[in-house]
Amino acid sequence: MSTPRSVVVVEPDPYLAVSVEALLGGVHPPPELLAVADLDELEDWCPPTGVVVAGPSCATKQAIAQLAAFRDRYPAVRIVLAFDRRPGAAMRDVVAVGADALVDSTDAEELRQAILRSIDLADALATALDEALENAEAPLGQVLTVCSATGGCGKTFYATNLAVALARITGRKVALLDLDLQFGEVMTALRLRPQHTMTDVAAIEDEAELGTYLPEMLTAHESGVWVLPAPLDPAEADRVGPEDIGRVIGALQSHFDYVVVDNPTGLGEGTLAALDRSTHLFILAALDLSSVRNLRLFLQTLERLRIPQDDLSLILNKDQTGVGIDAQDIERLFPRGFRSKIPYSRQVPRSMNSGAPLFSSEPHTAVCSSIVEGLLDLLPHDTQTVARELTAVTSEPWYRRMFARPAEA
């Protein structure tokens, strides 16, 4: 609780405070008991919750009005009116105080029960306030969205390995959402057999229920990443609207430190809904002319949508020589540069086909090192050294170099 359990007795004669102390002697944990002479002195005691026992001296019309004003300023405070005579104010004025009880101060058992009820109400209210404050202060998880203007750029590979990397490096909670609702590949890339998909989660319309049941509907991967796959049937994609995507991402943010979103190609309504929630956007391109051309159009569209340029990064995937176009040629077209240039490697399709993310099976590779180098400034500062050590590139075994063919082949 934010404050100790406290009871304040308002009465110039100390007899009432002594009586209340005796009545509450067996209560555990014992409340903190304070005594003030009048309502003016009560103004110096301003807790968010607690119980005020107003004694017989507060039965006057002026005191009743003062109590009502006090309750308006501190609505969470519980009030017990303990009078030994009829209040000197109209009943509507007494009701306006909003007291939990009006009891005879000379009836010990009635007074004790009234105070105990008010203490219970104050405790419950204090707990609710603490939970609300904790939820309000808890920062929402970061949403890292992966997309591209052209298919075949390796979005799913990048998204799955990005999620695994975040989980391994930071040790924090990571969720992976597959928004390619018709032909999502996250489930295949991670060899998962989910019980629930995006369709099931989007069907939960009540916000409170969504927040409660969502964690139970995710599928755990051995890396520690929790996955919400795309629908099993492409026909179910129409049952998930942009507003559903926004709700689901928001709910995931409240449970996870990082939410990685694998988007379909292009800028459809679902992708735009994800962009509205994104903390950072990773845009993938490959070494081919159509990818470069579409990337330029993609960026122009994002600029028209007023997506902050500082919140997006370009990723060049499948970087290799001998394909008629070099990474340097593309960089000249995009002055902002690329956050990562991920080299071409046959390890990538092999890992996708085996359902084992490269970051789990072979983190000491140039591919994983390139991913992490582009991620470093987005990681917590105390994890950056761990990230570098985890992906330090080791030389390939001699037999792999002997049988490796050049990229041109």
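Read-outs: derived from the displayed coordinates by stated rules, not from any lab. None of the values given here were measured: they were computed from a predicted structure. Every residue, glycine among them, receives a Cβ derived from its backbone with ideal geometry; neighbour counts consider all protein chains shown.
What order do you get for 168, 346 when you list them from fewest to most C-beta neighbours inside 10 Å? Can you show the working numbers first?
Numbers: 168 21, 346 11.
Ordered from fewest to most neighbouring Cβ atoms within 10 Å, 168, 346 come out as 346, 168.
Packing, as the average of other Cβ atoms within 10 Å across residues, places the peptides 228-234, 206-212 in the order 228-234, 206-212, highest first. Note on 315, 283: ascending count of other Cβ atoms within 10 Å places them as 283, 315, the fewest first.
Estimated from helices alone, the mean residue ellipticity of the chain at 222 nm is -12000 deg cm²/dmol (sum of -39500 (n - 2.57) over DSSP H runs with n ≥ 4, per residue). Identify, among 58, 232, 171, the residue whose Cα sits farthest towards the positive end of the charge dipole of the chain, taking +1 on the Cβ of Lys and Arg and -1 on the Cβ of Asp and Glu, with the dipole about the Cα centre. Value: 232. Between the residues 122, 194, 161, the greatest Cα displacement towards the positive end of the dipole of the stretch 105-256, with unit charges on the Cβ of Lys, Arg, Asp and Glu, is found for 161. Give me the net charge of residue 285's neighbourhood, meaning all other residues with Cβ under 12 Å from the Cβ of residue 285; Lys, Arg count +1, Asp, Glu -1. Summing Lys and Arg as +1 and Asp and Glu as -1 gives +3.
When the Cα positions of 274, 87, 97 are compared along the charge dipole of the chain, 274 comes out farthest toward the positive end, with charges on each C-beta of Lys, Arg, Asp and Glu.
Dipole size in debye (nearest 20) for the stretch 139-403 around its Cα centre, Lys and Arg Cβ +1, Asp and Glu Cβ -1?
The dipole of the stretch 139-403 has a size of about 1080 debye.
For the stretch 1-104, the set of trypsin sites (Lys or Arg not before Pro) satisfying both a DSSP loop assignment and a count of at most 14 other C-beta atoms within 10 Å is given as 85.
If N is the number of residues in the stretch 6-136, what value comes out of its Cα radius of gyration divided by 2.2 N^0.38 Å?
Values: Rg = 14.2 Å, N = 131, 2.2 N^0.38 = 14.0 Å.
Dividing the Cα Rg of the stretch 6-136 by 2.2 N^0.38 Å gives 1.01.
Using log10 I(q)/I(0) by the Debye sum over Cα atoms at q = 0.06, 0.08, 0.10 Å⁻¹ as the read-out, say which of [x] -0.23, -0.42, -0.66; [y] -0.27, -0.48, -0.77; [z] -0.43, -0.61, -0.73 was calculated from these coordinates. Label [z] holds the value from this structure. Partner lysines whose Cα lies under 25 Å from the Cα of residue 318, excluding those fewer than 8 positions away in the same chain, are identified as 155, 341. Inter-label distance, residue 328 to residue 272: 4.1 nm, where each label sits 7 Å from its Cα along the C-beta direction. The length gained on full extension between residue 109 and residue 385, counted as 0.36 nm times the residue separation minus their Cα-Cα distance, comes to 92.8 nm.
For residue 21 and residue 361 in the same chain, what is the full-extension length gain: residue separation times 0.36 nm, less their Cα-Cα distance, in nm?
Details: separation 340, 0.36 × 340 = 122.40 nm, distance 6.65 nm.
Result for the pair: 115.7 nm of gain on full extension.
Applying 1/(1 + (r/R0)^6) with r as the Cβ-Cβ distance of residue 116 and residue 207 and R0 = 41 angstrom yields a FRET efficiency of 0.70. Rounded to the nearest 10 degrees, the angle from helix 289-304 to the longest Cα principal axis of the chain is 30 degrees.
How do 109, 331, 185 line up, fewest other C-beta atoms within 10 Å first?
Values: 109 9, 331 15, 185 18.
The most exposed by this proxy come first: 109, 331, 185.
Note on residue 123 and residue 93: the model spin-label points, each 7 Å out from Cα along the C-beta direction, lie 3.6 nm apart. Potential lengthening of the chain between residue 353 and residue 232 amounts to 41.7 nm, from the contour at 0.36 nm per residue minus the alpha-carbon distance.
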